[in-house]
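Scroll down for the structure; my scribbles are underneath it.
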Amino acid sequence: MATILVIGGNFAGLTSALEIKRRLHDDRHRVIVVSNRENFLFVPSLIWVPFREREIEDISLPLRPILESHGIEFVHATATKIDAVNNRVETTAGDFLYDYLVIATGPALDYSLPGLGPKTGYTQCVCTPNDALAIREHFDRLVENPGPVVIGAAPAAGCTGAAYEFLFNFEYNLRKRGVRDRVELTWITPEPFLGHFGIGGMAGATSLLRKFMDSLHIHYIENAELVEVTPNEIILADGRRLPFVFSMIMPPFLGQDVIRNSPGIGNAKGYVPVHDTYQHKTYSNIFAAGIAIDVPAPFVTPIAIGVPKTGFPADEAGKTVGENIAKLVNDKIDLKSRPFVKIPGLCVMDAGHKEVIIVSNHLMKPREFAAILPNPLYDEGKRLFEKYFLWKTKHGYSNLP
Ligand SMILES: Cc1cc2nc3c(=O)[nH]c(=O)nc-3n(C[C@H](O)[C@H](O)[C@H](O)COP(=O)(O)OP(=O)(O)OC[C@H]3O[C@@H](n4cnc5c(N)ncnc54)[C@H](O)[C@@H]3O)c2cc1C
C-alpha cells in the first residue's frame, strides 16, 4: 500500500491531494497533507482586504474537515527538509516516510532589495493576510494626510497582475474617500510595456491599459528597475527618485526554505524543475505543482520579469499530479503530459470595480487565440468566482474546473 505525502494545502496542494484520493479507489493507500496553515486561503481576494471589502475569515476555510471528510490525513506542521534518497520529509511534527511526494509550497517573498518590504523596509505588500490587513491603517493615514503614492512591481516580481489590481482598487478607494485629487499616483513596472504581465503580452492589452492609466490620471513608468527604497523615496536604476508617503511594491518570489534547504530538490531560486508530467527531473517519485515549479521565462526583457504561476494553472497542474500519481500507484506508466506554458490562460482582473477578462488558448506564446475583454458582468465576475471557488473547495469537488 502506498503513502503519498503532500506538502502545502492551498491551490495546488489541496487539489493534488483530493485528486490522488479520488482516483485511487482504495482506502488502504494513505494520503497525508502537511501544511503550515490550518486554513485554505483564497489568495486572489487579498486585494480587497486593505479596503475592508473582505475579512480574512470571509476567504478562508478550515482544511482539516475538508481533508478528513475525503479520507485524507492532515498534519499542521512546517516541512523543513526533504531527503529524496531515503524518501523522508522532516517536519516540525516529526519525520514522515513516503512512496510519492508532492511539493506544493507556493512562494517565499524575496525582500533582499534594500528598503523593500513591510518588515525589512518601507514598502507594503498585499501577498499575505497580515500584510494586507496592515495596509488598512496606512490607507486611513493617507486619507487623513494625502501625499504621493507609488505602486508597482520590483524586477522579477512574482505576480504583476495582482499589483495592477491593487493599483486600480487603491485609485477607486481614494475616489470613494474623496481625496483622489490630492494624491499623485505613480505606477512602476519592470515590464517593457504595460500589459506584458510576465506572459509576453497580448493584442490590445497595452493600449487598453495605457488609456486606462491616462483616463485615471495615473503616471506610469515602464522598464522601471527599482534598486533601492529609502523611508520616503523609491530609487530607480536610471537615477530617478520618486517621493512617496505610501508605497506597495510586489516583490520577487522564490521557492520556500524547505526546497532551498534540501540538496538536489530545487534550483538556485528554490523552484522545483519538473517534466511536463510534473514529475521531478531527477526523482521520479517526487512531483510538484503551483508556484513551487520552475518555469523558465520563454522571453527576454530588458528588466527581469517573473512568470506568473496563477491559480488556474496551479489547480490544473494539481489535477495532472493527482492523475499521474494514481497511475503510478496502479502500475501504469502512460503518464499525462500537460506543459505549463500550454495550459489555457484564464483570469478576471478587477480594475477597480470594473473588470477585464484575460483569456488565451495557451498561457505563453505562441498562441492561436488571446484576448483582453471588458467583462459584460461589469464588476461581479471575480466576486462570483470567489464564491464558486470557496463552495467547490469546501465540498472537495477537486474535479470541477
Ligand atoms: C495578492 C495576490 C492576488 C492574486 N490574484 C490572482 C488572481 O486573480 N487569479 C489567479 O489565478 N491567481 C492569482 N494569484 C496567484 C495565486 O494566488 C497563486 O497562483 C496560487 O496561490 C498558487 O497556489 P500554490 O498552491 O502554488 O501556492 P499557495 O497558494 O501559496 O499555497 C502554498 C501553501 O503551502 C504552505 N507551505 C509553504 N511552505 C510550507 C512548508 N515548508 N511546510 C508546510 N506548508 C508550507 C503555505 O502556507 C500555503 O498554504 C494572486 C496572488 C496574489 C499574491
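The values are calculated or read from the model by the stated rules, or taken from the named source; none is laboratory data. Keep in mind the model is a prediction, meaning the values are calculated, not measured. Neighbour counts run over all protein chains shown; Cβ positions are idealised from the backbone, glycine included. Just the protein is used for accessible areas: all its heavy atoms, side chains included, with ligands, DNA and RNA removed. Shrake-Rupley method; radii C 1.70, N 1.55, O 1.52, S 1.80 Å.
Tally time: how many residues in segment 22-46 are surrounded by fewer than 23 Cβ atoms within 10 Å (Cβ to Cβ) and farther than 20 Å from residue 347 by Cα?
14
Got a sec? Which of 195, 204 is on the phi > 0 side of the Ramachandran plot and more than 16 Å from the ligand (Cβ to nearest atom)?
So the residue among 195, 204 that is on the phi > 0 side of the Ramachandran plot and more than 16 Å from the ligand (Cβ to nearest atom) is 204.
Residue pairs, Cβ under 7 Å, 6 or more apart or interchain, first in segment 17-39 and part of a helix (DSSP H, G or I), second basic (Lys, Arg). List them.
Here the result reads 19/319, each pair linking segment 17-39 to a residue that is basic (Lys, Arg).
Residue-wise test of (1) assigned to a helix (DSSP H, G or I); (2) within 22 Å of the chain's Cα centre (by Cα); (3) over 19 Å from residue 46 (Cβ atoms).
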position	(1), (2), (3)
186	no, no, yes
193	no, yes, yes
199	no, yes, yes
208	yes, no, yes
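I'd like to verify a number: residues in segment 116-136 that are open to solvent by 10 Å² or more (accessible area, probe 1.4 Å), touching a Leu at 6+ places or on another chain (Cβ under 9 Å) and assigned to a loop (DSSP other than H, G, I, E, B), how many?
Of the residues in segment 116-136, 4 are open to solvent by 10 Å² or more (accessible area, probe 1.4 Å), touching a Leu at 6+ places or on another chain (Cβ under 9 Å) and assigned to a loop (DSSP other than H, G, I, E, B).
Open to solvent by 20 Å² or more (accessible area, probe 1.4 Å), over 30 Å from residue 357 (Cα atoms) and at pLDDT 95 or above: which single residue out of 107, 146 fits that description?
Numbers: 107 fails: over 30 Å from residue 357 (Cα atoms).
The match here is 146.
Does segment 290-334 hold any residues that are among the small types (Gly, Ala, Ser), open to solvent by 50 Å² or more (accessible area, probe 1.4 Å) and not in a loop (DSSP other than H, G, I, E, B), and which are they?
none
Assuming residue 220 fulfils every condition listed in (1) among the aromatic types (Phe, Trp, Tyr); (2) touching a His at 6+ places or on another chain (Cβ under 9 Å); (3) open to solvent by 50 Å² or more (accessible area, probe 1.4 Å) apart from one, which condition is it?
(2)
Can you work out which of the residues in segment 77-93 that are of a type in the set (Gly, Ala, Ser) and within 13 Å of the ligand (Cβ to nearest atom) is surrounded by the fewest Cβ atoms within 10 Å (Cβ to Cβ)? Reasoning before the result, please.
The first filter runs over segment 77-93 and keeps only residues of a type in the set (Gly, Ala, Ser), leaving 77, 79, 84, 93.
After this cut, where a residue has to be within 13 Å of the ligand (Cβ to nearest atom) as well, the list is 77, 79, 93.
Working: 77: 17, 79: 27, 93: 12.
Ranking the candidates gives 93 first.
Tell me, which residue of segment 19-46 that is hydrophobic (A, V, I, L, M, F, W, C) and within 13 Å of the ligand (Cβ to nearest atom) is farthest from the chain's Cα centre (by Cα)?
Of everything passing the filter in segment 19-46, 32 is farthest from the chain's Cα centre (by Cα).
Return the pairs, sorted by first residue and then second, in which the second residue is open to solvent by 80 Å² or more (accessible area, probe 1.4 Å), the first residue lies in segment 379-401 and is in contact (Cβ under 8 Å) with a residue 24 or more places away in the chain, the beta carbons are less than 7 Å apart, and the residues are 6+ apart or on different chains.
If the second residue must be open to solvent by 80 Å² or more (accessible area, probe 1.4 Å), the pairs left are 396/69; 398/22; 399/22.
Being open to solvent by less than 10 Å² (accessible area, probe 1.4 Å) and either in contact with a Cys (Cβ under 7 Å, 6 or more places away or on another chain) or within 16 Å of residue 158 (Cα to Cα) (or both) is the filter here; which residues of segment 258-288 pass it?
Selection gives 270, 272.
Exactly one condition in (1) touching a residue at least 24 places away in the same chain (Cβ under 8 Å); (2) of a type in the set (Gly, Ala, Ser); (3) part of a loop (DSSP other than H, G, I, E, B) is false for residue 112; which is it?
The number of the failed condition is (1).
Of the residues 239, 264, 270, which is in a loop (DSSP other than H, G, I, E, B), at pLDDT 95 or above and either of a type in the set (Asp, Glu) or not assigned by TED's automatic domain parsing to the domain that holds residue 323 (or both)?
Matching residue, one of 239, 264, 270: 239.
Got at least one residue in segment 136-143 being within 16 Å of the ligand (Cβ to nearest atom) and within 22 Å of the chain's Cα centre (by Cα)?
Within segment 136-143 (the criterion being within 16 Å of the ligand (Cβ to nearest atom) and within 22 Å of the chain's Cα centre (by Cα)), the answer is yes, since at least one residue qualifies.
May I ask you to list the residues in segment 1-14 that are at pLDDT 95 or above and either surrounded by fewer than 20 Cβ atoms within 10 Å (Cβ to Cβ) or near the ligand (Cβ under 8 Å from one of its atoms) (or both)? Before the answer, list the steps.
Restricting attention to segment 1-14, the residues satisfying the condition of being at pLDDT 95 or above are 2-14.
Of everything in segment 1-14, those that are at pLDDT 95 or above and either surrounded by fewer than 20 Cβ atoms within 10 Å (Cβ to Cβ) or near the ligand (Cβ under 8 Å from one of its atoms) (or both) turn out to be 2, 3, 7, 8, 9, 10, 11, 12, 13, 14.
Here are some residues: 208, 185. Which one is closer than 19 Å to residue 379 by Cα and either buried (at least 23 other Cβ atoms within 10 Å of the Cβ) or among the aliphatic types (A, V, I, L, M) (or both)?
208
Is it the case, given these coordinates, that residue 143 is over 24 Å from residue 116 (Cβ atoms), without any contact (Cβ under 8 Å) to a residue 60 or more places away in the chain and not polar (S, T, N, Q)?
Yes.
Exactly one of (1) in contact with a strand residue (DSSP E or B) (Cβ under 9 Å, 6 or more places away or on another chain); (2) hydroxyl-bearing (Ser, Thr, Tyr); (3) open to solvent by 20 Å² or more (accessible area, probe 1.4 Å) is unmet by residue 69. Its number?
Only one criterion is unmet by residue 69, namely (1).
Determine, yes or no, whether residue 367 is part of a loop (DSSP other than H, G, I, E, B) and on the phi < 0 side of the Ramachandran plot.
yes
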